[in-house]
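Engineer: I am attaching a structure below and will ask some questions about it afterwards.
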Amino acid sequence: MSTATRSLPRTIGAHAILLTYTVIALFPVILVIMNSFKSRAGIFGAPLTPPTPKTFDLIGYTTVIGQGDFFHYFQNSLVVTVGSLFFVLLFGAMAAFALSEYRFRGNTLMGLYLALGIMIPIRLATVAILQLMVASGLVNTLTALILVYTAQGLPLAVFILSEFMKQVSDDLKNAGRIDGLSEYTIFFRLVVPLVRPSMATVAVFTMIPIWNDLWFPLILAPSEETKTVTLGAQLFLGQFVTNWNAILAALSLAILPVLILYVIFSRQLIRGITSGAVK
Amino acid sequence: MKTKLLTALLLGTSILGTAGVAYAEDVTLNIESWRGDDLSIWKDKLIPAFEAKNPGIKVVFAPSAPTEYDAALGAKLAAGSAGDLITCRPFDKSLELFKKGNLADLSSLPGMENFSPVAKSAWQTDDGKSTFCVPMASVIHGFIYNKDAFDKLGIKVPQTRDEFFAALDKIKADGTYIPMAMGTKDLWEAATMGYQNIGPNYWKGEDGRAALIKGEQKLTDKDWVAPYEELAKWKPYLGDGFEAQTYPDSQNLFTLGRAAIYPAGSWEIGLFNTQAQFKMGAFPPPVEKAGDTCYISDHTDIGMGLNAASKHADAAKTFLSWVASADFATIYANALPGFFSLNSAPVKMEDPLAQEFVSWRGKCKSTIRSTYQILSRGTPNLENETWVESANVINGTDTPEAAAKKLQTGLDSWYHPAK
Amino acid sequence: MAADIRPKRPFRWHIAIFLAPAVLVYTAIMILPLAGTLQLSLFRNIDQHQVFVGFDNFRTLFGDPNWSVNFWNALRNNVWFFIIHMLVQNPIGVLLAALLSSPKLRFSAFYRTAIFVPTILSFVIVGFAWKLILSPLWGVAPHLLDFVGLKSLFTPWLGKEQYALTALSLVSVWQFIGIPMMLIYAALLSIPDEVIEAAECDGITGMSQFWKIKLPLILPSIGIISILTFVGNFNAFDLIYTAQGALAGPNYSTDILGTFLYRAFFGFQLQVGDPNMGATIATIMFLIILGGVCVYLFLIQTRLRRYQF
């Protein structure tokens, strides 16, 4: 076949492009992690060489670990992210289903209303939100953060999910209705499995800004018990701004857990995307 | 019989009650601060010293990053979740908080008498009637230099501007060291370490500053443009790519021994002592001719106030009185060399570099940064614009005259001093 | 649609139940506080009292050169920021997704995972890491350029007015490229096999297959990505803030609407925050984004649908 002979150079070309971009994507991350294991002289003298026995030094890590309980911060971040993600996906998918499935008065209006939140940074509402949390006694709790992030993530989730839900075939749902399934069963048993790939996408979208947010942890939950890992890292950067050993170590500590989690979950994510692809 | 029982019961509960109160008196005070760097000093030295003397009061130092401090504090004060004790920025920023009712009036706080009117002026209403923060420290500007480098190149410590530039030329010609470690990326370095550092010698310290506030002088006058002209001359002596050099870059450049002179604030001393592997010295901003009166920026920088909404105002006041004491001043000034106590009681400092800085108070006239009092109340904000323009002048993207004109035009748009 | 075939019913409770949790949380924690903030744009603080001033704040924003110059500068920069994302991030994202989705490509899981890594990093990390890399002091960037013999090209990009914004836009592209890639990738995978097979039977393969068959089919996804990029870029703040500070130097050359708003609303250094002017800027930003979204919803999306079906 002619395609077979033509595809070899093309495959090489594809690998070349992908590999180049992979290098670009990973280089800064590797650079930071690599240098975090070096002495101060090693960092400044030869930034591009991996640590050698001569320049290997863990001083950065000892400084960081002596300063704050990064493991605990990490736990907080995890609780907040997973909690918010759960509610965003559940509530978001339900609302998206209602908007895309049923024709009712005010449907478009409701869709626009729910999309409004994409357009204004929620940061602006800080003072009012904080007052709300103070009034309900939720300051310095992880619940406060979960609530805010759920509200923050919903508009985008509804926006994307309703786009995808419109593409789910009506025949399937109508067949379910004829079989006497309730609307709830149709949603949870028929529709949700079909839109799994888009839910995975929404999950990633929602997760990143939550995990990385600095502002609300700083305002709503700055106490030692509720500090998130991003806030911990930022405070640390402020404190040790000239100590590059410590900074690179703190950055690595903030990167590594996410990286590991991501590598574990990216398999699930891709499996979700491929297996459930809407045909 | 019945009444007796009832009285006994009541008595019992009241005793129990008071016991409960005594127990609950173990209050915890939270300190809001932007000084994350000082975390260990508060934790290990200052707070234990206070708690040892004041059983029943626990203190927690909870800093946030300097860049977020003001915004975060503002939000927390507005919502009522801020800490009991607030670290105060000088002048208008804190005055604004006081006017909003966020800071309590501390004029009658025991210990306030330990401070001179000048020290208190940074945290007073314009009429001087109410003081709302306990002054903690001031910082002094000057130049820190690498003594080993100066010795090696045979450079004497410069007294005059000509000597200063001759020294820079000599270092540059030799090529071993970058003559001066300063970058313009973070903007404030150019304004604070540059303009406010060398400026007072030109505008004659307090005289010029007061005249500017009264409207008798303008930023476009010779005395105010001249520092920019000198800054523009610094450019060839800075390191490669200084436009993207951040403040920590500059610090590293100097402490790694790659640069010879560092335009400094005295707060650097503590860090430099731990990082630099060479001997250091300091000199005040050079004057025009030998024997001229020298002026230094001795800026009231940090104080501490009481959150008006604090539930533990009495305990917080006890703490603030201690902050106003000579005890606190001694621990603080020695733990943080380069933060000079504002307390009237003389403080003995061990650090030689800090002693050098503070000795200039004797031979030079002190002033504070020109943009801090009154002049940065409106929009555009003079201090912030000074950052931008100082960096522009050093980068060469604005001439000194153009920069001065921009600043004065901005100031004129909202500031109209009563003549 | 399902609703068409059913007669009108008195009240369909399930719709309310599906909508209720999202609407409640969203209204209570986002909309009400935001509305409370935005209405401040009609007031002004006079002697610690909020006084109604109508549209005076908007007049100040556009009429007073102290505000308007900064505003137009921020808007211009923001448009440039967006243009770079559209011209660099989205085409490269589509290219990478197209390459990844080709069947039988080996290591595709590895590439996919690796290229998405920057997207999961926090702004704190991204801003800091790139500042270090581009720092003239550390010299990683000059070193690298030296490898390819282009050392003379090095300039302190982040410190130069003419380059800083572009450099930061590219950093932002670097960070977010995973998002268009993933979305397009999912869209490409969901193209039915029959369509591809039919195309191959007609002799349409390779590049022409991509342009003629696949691209039209993924246009709706490209539409979504464009609007997400638009909204994201006009709300952007964190990267500029962590890399350049709130004053967005040098000489405001990297100031975008987000940083401009932050300074106005929360204040910076000696500048005291002015919630009223901040809310005014926020309202304008809101209108700009609303305009963009409406253009997308009513002009672009309807056309795209026609392609799809």
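What follows draws every value from the coordinates through simple rules; no lab data is involved. Bear in mind that the values here come from a model prediction, so they are computed numbers and not experimental data. Positions of Cβ are backbone-derived with ideal geometry, glycine not excepted, and every protein chain shown enters the neighbour counts.
Engineer: Quick one: helix B:205-214 against the long Cα principal axis of chain B, what's the angle to the nearest 10°, folded into 0 to 90?
Structural biologist: Between the helix axis and the principal axis of chain B, the angle is about 80 degrees.
Engineer: Let me check I've understood the local charge: for C:PHE71, count other residues with C-beta under 12 angstrom from its C-beta, Lys and Arg +1, Asp and Glu -1. What total comes out?
Structural biologist: Once all neighbours under 12 Å are counted, the net charge is 0.
Engineer: Label the stretch C:61-186 by shape, choosing from rounded, prolate and oblate, from the square roots a ≥ b ≥ c of the eigenvalues of the Cα gyration tensor; if a/c is under 1.5 it is rounded, and otherwise prolate applies when a/b is larger than b/c, oblate when it is not.
Structural biologist: Here the stretch C:61-186 falls in the oblate category.
Engineer: Mind jotting down the distance between the C-alpha centroids of the stretch C:268-297 and the stretch B:19-90, whole Å?
Structural biologist: 34 Å
Engineer: In what order do A:VAL82, C:VAL53, A:VAL229 fall by count of nearby beta-carbon atoms within 10 Å, going from fewest to most?
Structural biologist: Starting with the residue having the fewest Cβ neighbours, the order is A:VAL82, C:VAL53, A:VAL229.
Engineer: Note down the magnitude of the dipole of the protein assembly as shown about its Cα centre, charges +1 on Lys and Arg C-beta and -1 on Asp and Glu C-beta and zero elsewhere, to the nearest 20 debye.
Structural biologist: It works out to roughly 2440 debye.
Engineer: Now, a different point. What's the FRET efficiency of C:ALA28 with A:SER223 using the Cβ-Cβ distance as r and R₀ = 22 Å, to the nearest 0.05?
Structural biologist: 0.40
Engineer: Ok, one more. Rounded to the nearest Å, what's the spacing between the alpha carbon centres of the stretch C:105-141 and the stretch B:314-386? Just the number, please.
Structural biologist: Centre-to-centre (Cα) distance: 42 Å.
Engineer: Next up: Within chain B, which is the longest segment containing none of the GluC sites (Glu not before Pro) that sit in a DSSP loop and have at most 13 other Cβ atoms within 10 Å?
Structural biologist: B:26-215
Engineer: Then there is this: How many percent of Cα pairs in the stretch B:352-419 exceed 14 Å?
Structural biologist: Cα-Cα pairs in the stretch B:352-419 separated by more than 14 Å: 67 percent.
Engineer: Under 9 Å from the Cβ of B:TRP203, count the other residues' Cβ atoms, weight Lys and Arg +1, Asp and Glu -1, and hand me the total.
Structural biologist: Here the count lands on -1.
Engineer: To continue, here is another question. To the nearest 500 deg cm²/dmol, what mean residue ellipticity at 222 nm is calculated for chain A from DSSP H runs of n ≥ 4 alone, each contributing -39,500 (n - 2.57), summed and divided by the residues?
Structural biologist: Helix contribution divided over all residues of chain A: -24000 deg cm²/dmol.
Engineer: Here's another thing I want to ask about it. Across the stretch B:84-211, how many lysine pairs, 8 or more apart or on two chains, come within less than 13 Å at their alpha-carbon atoms?
Structural biologist: 4
Engineer: Considering the zone a paramagnetic label at A:VAL79 would reach in this model (a point 7 Å from Cα along the Cα-to-Cβ line), which residues of the stretch A:124-145 have amide N under 13 Å from it?
Structural biologist: Within reach of a label on A:VAL79: A:140-145.
Engineer: Still on this structure, I have one more. Write down the percent of antiparallel bridges among all DSSP beta bridges whose residues are both part of the protein assembly as shown, to the nearest 5.
Structural biologist: Counting DSSP beta bridges with both partners in the protein assembly as shown, the antiparallel share is about 65 percent.
Engineer: Sticking with this structure for a sec: When chain A is treated as a GNM, springs tying every alpha-carbon pair under 10 Å, which of A:SER136, A:SER198, A:SER36 comes out with the largest mean-square fluctuation?
Structural biologist: Checking each option, the largest mean-square fluctuation is seen for A:SER136.
Engineer: Compute the distance in nm between two label points, each set 7 Å from the Cα along the Cα-to-Cβ direction, one at C:THR205 and one at B:ALA49.
Structural biologist: 8.2 nm
Engineer: I've got another one for you. Around B:TYR247, with a cut-off of 14 angstrom between Cβ atoms, what is the net charge of the other residues, counting Lys and Arg +1 and Asp and Glu -1?
Structural biologist: -4
Engineer: Straight distance only, please: which aspartates and glutamates reach the Cα of A:LYS38 with their own Cα at less than 17 Å, same-chain residues fewer than 8 apart left out?
Structural biologist: A:ASP57
Engineer: If you don't mind, there's one more thing I want to ask. Return the calculated 222 nm mean residue ellipticity for chain B, to the nearest 500 deg cm²/dmol, obtained by summing -39500 (n - 2.57) across DSSP H runs with n ≥ 4 and dividing by the residue count.
Structural biologist: -13000 deg cm²/dmol
Engineer: Separation between the C:ASP193 and C:PHE52 pseudo-spin-labels, each 7 Å from Cα along Cα→Cβ, expressed in nm?
Structural biologist: Those two pseudo-labels are separated by 6.7 nm.
Engineer: Can you tell me how the stretch C:57-308 classifies by the Cα gyration tensor, rounded, prolate or oblate, using a/c under 1.5 as the rounded cut?
Structural biologist: The shape class here is oblate.
Engineer: If you don't mind, another one. What FRET efficiency comes out for the pair C:PHE147/A:PHE56, r = Cβ-Cβ distance, R0 = 25 Å, nearest 0.05?
Structural biologist: With R0 = 25 Å, the Cβ-Cβ based efficiency is 0.55.
Engineer: Set the Förster distance to 60 Å, then compute FRET efficiency between C:LYS104 and B:SER413 from the Cβ-Cβ distance, nearest 0.05.
Structural biologist: 0.35
Engineer: Sticking with this structure for a sec: Helix-derived [θ] at 222 nm for chain C: sum -39500 (n - 2.57) over DSSP H runs of at least 4, divide by residue count, nearest 500?
Structural biologist: Taken over chain C, the calculation gives -19500 deg cm²/dmol.
Engineer: Here is a further query. What percentages, rounded to whole numbers, describe P(r) for chain B computed over all alpha carbon pairs with 10 Å bin width beginning at zero?
Structural biologist: Final binned percentages: 4, 20, 29, 24, 13, 5, 2, 2, 1, 0, 0.
Engineer: Specify the inter-centroid distance of the stretch A:98-134 and the stretch A:183-230, based on alpha-carbon positions, in whole Å.
Structural biologist: 16 Å
Engineer: What distance in nm separates the simple spin-label points at B:MET112 and C:LYS212, each placed 7 Å from Cα in the Cβ direction?
Structural biologist: Using points 7 Å along Cα→Cβ, the separation is 8.6 nm.
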